[in-house]
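Worksheet: the structure to be examined is printed underneath.
The values are calculated or read from the model by the stated rules, or taken from the named source; none is laboratory data. Here the structure is a predicted model, which is why all the values come from computation and not from measurement. Please note: Cβ atoms are built from the backbone with ideal geometry, for glycine as well, and neighbour counts cover all protein chains shown.
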Amino acid sequence: MKFFSTLTFLLFPLFIFANSHGDSLNYLTAQDSVFLTVDENNQKIIEHRLEEKQTIYSLAKFYGLEVVELFYFNIELERMDEIPVGTDIRIPIPNKAIKRYKTKNFDEKKHASLYYEVQKGDNLYHIAKRLFKMPIEDVQNRNGLPDNNIQPGQLLHVGWISTDGLPREHRKVKPIPPEWQSSQINGMAYLQAKGIKKEYGEKGVAAWNKNSKSTKSFALHGSAPINSIIEVTNPMTKRNIYIKVVGRPSSKTYYGKNVVVVLSAKAAKMLGARDPRFYVNIKYLR
């Protein structure tokens, strides 16, 4: 048994070359080995290596995510005009998507093996009981472990993941970024006030500073009341957000005469903006 355990541990590095990436037709195949870690928020994460003909939009759909949720876990992708083949993309994985045992109708051809990478400070009890809700003995037997000793970097086979993708409903707790939660709350407040105040529409150019380091979402608008909420829609990406007006644009000359709203960098990125000026539709209440 000890020899089997040692041999198994030595073979694990070979799996590195079969990481989760699928091929040009499939995002995940039964030949892939999927490696999982847990981040500081106790969220289970895998990395998917983007292959030729795979897009960030269909990748998000395959894993049951909205694109904005995918960007939340991969902030650097927002700054790329084009995401190159070979890019490793972090994907949050819900517990419900992990099949810990082979059931009666389990199909080997439709599942990829899932491995947990042991982190510093981990122990077998924490991994088996807390992370994967499995008896310690099952994890030991599956990985040929003679005892409870594990090492950082060691890979433990903990189950399988479907190659057909992850249904959206598997995500009981949807990893919506805080700024989008704020937009949703603002949206509800806007709809409540809509029955009391008159709504105005406006079309034109939105401006933003691409070099800004601000992490807050806000707008500067010439007509909407200060501290009121406006709806801004990017017709190109079909995204819309509800954000608070915190002031007036300081200079028409600086921003341009056709600019109807100035957005923070965070707000512009939420709308999928790439250029420092882009066309928007605006609604506000007075």
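As an exercise: evaluate F106 against (1) in contact with a Ser or Thr (Cβ under 9 Å, 6 or more places away or on another chain); (2) among the hydrophobic types (A, V, I, L, M, F, W, C); (3) loosely packed, with under 14 Cβ neighbours inside 10 Å and give the number of the one condition it does not meet. (1) is the only condition that F106 fails. Being among the charged types (D, E, K, R) and without any contact (Cβ under 8 Å) to a residue 40 or more places away in the chain is the filter here, so list the residues in segment 180-224 that pass it. Across segment 180-224, there are no qualifying residues. What number of residues within segment 49-91 are within 28 Å of K213 (Cα to Cα) and small (G, A, S)? So the answer is 2.
Taking segment 167-286 as the region of interest, the helices (runs of 4 or more DSSP H) fully inside it that hold 2 or more residues being among the small types (G, A, S) are 178-194, 265-270. Taking the criterion of being within 15 Å of the chain's Cα centre (by Cα), surrounded by fewer than 18 Cβ atoms within 10 Å (Cβ to Cβ) and at pLDDT below 75, would at least one residue in segment 7-25 satisfy it? Looking for residues that are within 15 Å of the chain's Cα centre (by Cα), surrounded by fewer than 18 Cβ atoms within 10 Å (Cβ to Cβ) and at pLDDT below 75, one finds none in segment 7-25, hence no. Return a yes/no flag: does segment 141-157 have any residue that is touching a Phe, Trp or Tyr at 6+ places or on another chain (Cβ under 9 Å), over 23 Å from M270 (Cα atoms), among the charged types (D, E, K, R) and not in a strand (DSSP E or B). No.
Assess whether K96 counts as being over 26 Å from T215 (Cα atoms) and touching a residue at least 60 places away in the same chain (Cβ under 8 Å). Against the criterion (over 26 Å from T215 (Cα atoms) and touching a residue at least 60 places away in the same chain (Cβ under 8 Å)), K96 qualifies.
Applying a threshold of 6 Å to beta carbon distances and a minimum spacing of six or more residues, or different chains, the list of pairs starting in segment 254-269 at a residue that is farther than 20 Å from N74 by Cβ and ending at one that is of a type in the set (G, A, S) and surrounded by fewer than 18 Cβ atoms within 10 Å (Cβ to Cβ) reads N258/G204; V260/G204; S264/S214. The set of residues in segment 74-92 being within 25 Å of H170 (Cα to Cα) and at pLDDT 80 or above consists of N74, D88, I89, R90, I91, P92. Exactly one condition in (1) modelled with pLDDT of 90 or more; (2) closer than 30 Å to V139 by Cβ is false for D39; which is it? D39 satisfies every listed condition except (1).
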